[in-house]
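Read the structure below first, then the notes.
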Amino acid sequence: MADGTDRVRAHVFVSGTVQGVYYRANTRDAARECGVDGWVRNLDDGRVEAVFEGPEDAVSGMVEWSHEGSPAASVDDVDVEYGAPKGEDGFRVRR
């Protein structure tokens, strides 16, 4: 995994002021720019949940990006669980 080309999966939960601030749309745009597959959605408890799959370095970049998110967001915490990819294709906003 040292070369950053193996595919990995990160399941991310972001808390703070992350709903109603274009966090999901910005996440989608950033993930597509990085070539990362997966999805993002709002949770009823006010957090945002996302899955990133792709090359290790790109996924790590998206996890780091999650700590800032959209310009209007105020991120308090990011919880990440890593695992084996499940074959996500493309990146979308889930409702």
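Things to note:
- Entirely in the chain, the strands (runs of 3 or more DSSP E) that have 1 or more residues that are in contact (Cβ under 8 Å) with a residue 24 or more places away in the chain and more than 14 Å from the chain's Cα centre (by Cα): 7-17, 74-83
- Here is the figure for region 61-82: residues that are among the small types (Gly, Ala, Ser) and closer than 11 Å to residue 12 by Cα total 1.
- Region 1-29, residues that are within 12 Å of residue 54 (Cβ to Cβ), modelled with pLDDT of 95 or more and of a type outside the set (D, E, K, R): 8, 10
- Region 48-64, residues that are surrounded by fewer than 18 Cβ atoms within 10 Å (Cβ to Cβ) and over 20 Å from residue 87 (Cβ atoms): 64
- Residue list for region 20-44, restricted to those being surrounded by fewer than 17 Cβ atoms within 10 Å (Cβ to Cβ), under 16 Å from residue 94 (Cα atoms) and not small (Gly, Ala, Ser): 22, 29, 32, 41, 43, 44
The values are calculated or read from the model by the stated rules, or taken from the named source; none is laboratory data. What you see is a predicted model, and the numbers here were worked out from it, not measured in a lab. All Cβ positions, even for glycine, are placed from backbone atoms using ideal geometry, and neighbour counts span all protein chains on display.
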